[in-house]
Amino acid sequence: MPTEADIIIIGAGVVGLAIAVEVSQANKRVFVFDKNHTFGLETSSRNSEVIHSSIYYPENSLKAKLCVERNRLLYEICEKNNIGYKRLSKRD
Ligand SMILES: Cc1cc2nc3c(=O)[nH]c(=O)nc-3n(C[C@H](O)[C@H](O)[C@H](O)COP(=O)(O)OP(=O)(O)OC[C@H]3O[C@@H](n4cnc5c(N)ncnc54)[C@H](O)[C@@H]3O)c2cc1C
């Protein structure tokens, strides 16, 4: 167990953990700290679990572009890893 870190990430929600996976490919000593006793105890474990499609984001914005791209990737990742999901449509 290393005692010195190359990178320290504060927050073990979905964002912190996703960053940790990415940066740990190149850096061996990545530490993730959280104020709670384990990961994912805040917003990331209490959301509505919707895979957003970008319909509420401004057209041609970076947010909309990334959302469409990531939406496709997320379904791909679920398929590849046998993670169950429902492809629901959103109604007002
Ligand atoms: C009601 C609601 C519904 C949502 N529904 C959806 C949805 O359907 N689909 C969707 O894609 N997104 C949804 N979201 C948004 C999504 O959940 C968040 O964007 C996402 O979870 C944010 O992740 P995060 O890692 O940034 O934050 P968090 O999950 O909150 O993680 C932050 C972590 O940092 C830790 N932390 C904070 N301060 C410190 C500190 N000082 N020292 C150490 N650790 C600290 C916390 O303990 C926590 O573990 C929803 C959000 C809300 C509030």
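Can you tally the net charge around Gly13? Count Lys and Arg as +1, Asp and Glu as -1, for every other residue whose Cβ sits under 13 Å from the Cβ of Gly13.
Details: positive: Lys35, Arg46; negative: Asp34, Glu42.
Net of charged neighbours comes to 0.
Multiply the residue separation of Tyr56 and Ile8 by 0.36 nm, subtract the distance between their alpha-carbon atoms, and state the gained length in nm to one decimal.
Stretched fully, the Tyr56-Ile8 segment lengthens by 13.9 nm.
Within region 1-66, list the chymotrypsin sites (Phe, Trp or Tyr not before Pro) lying in a DSSP loop whose Cβ has at most 13 other Cβ atoms in a 10 Å radius.
Those satisfying the criteria are Tyr56.
Give me a comma-separated list of calculated 3J(HN,Hα) values for region 57-64, in order, Karplus coefficients 6.51, -1.76, 1.60 applied at θ = phi - 60°, integers in Hz, x for any Gly or Pro.
These are the phi-based 3J(HN,Hα) values: 9, x, 4, 6, 6, 4, 4, 5 Hz.
Within 10 Å of each residue's Cβ, count the other Cβ atoms and sort Ile9, Ile19 from fewest upward. Each step should come with its number before you reach the end.
Working: Ile9 19, Ile19 15.
Ordered from fewest to most neighbouring Cβ atoms within 10 Å, Ile9, Ile19 come out as Ile19, Ile9.
In terms of modelled amide H atoms, which long-range or inter-chain residues lie less than 5 Å from the amide H of Gly13?
Gly40
Find which of Tyr85, Leu62, Phe33 sits farthest along the positive direction of the dipole of the chain, computed with +1 on the beta-carbon of Lys and Arg, -1 on that of Asp and Glu, about the Cα centre.
Tyr85
For the pair Phe31/Leu73, report the inter-label distance in nm, with labels modelled 7 Å from Cα in the Cβ direction.
Inter-label distance under the simple model: 2.9 nm.
If I model a spin label at Leu66 and Thr43 as a point 7 Å from the Cα along the Cα→Cβ vector, what separation in nanometres do I get?
Each label point lies 7 Å from its Cα, and together they span 1.3 nm.
Using Cβ counts within 10 Å as a stand-in for footprinting exposure, how do His37, His52 rank, fewest first?
Numbers: His37 6, His52 16.
Lowest to highest Cβ neighbour count: His37, His52.
Restricting to lysines 8 or more places apart or on different chains, can you count the pairs in the chain with Cα atoms under 27 Å from each other?
So the count works out to 8.
Where a number appears in this text, it was derived from the coordinates with a stated rule and is not lab data. Please read all numbers here as calculations on a predicted model, not as lab measurements. Here Cβ is always computed from backbone atoms with ideal geometry, including for glycine, and neighbour counts include all displayed protein chains.
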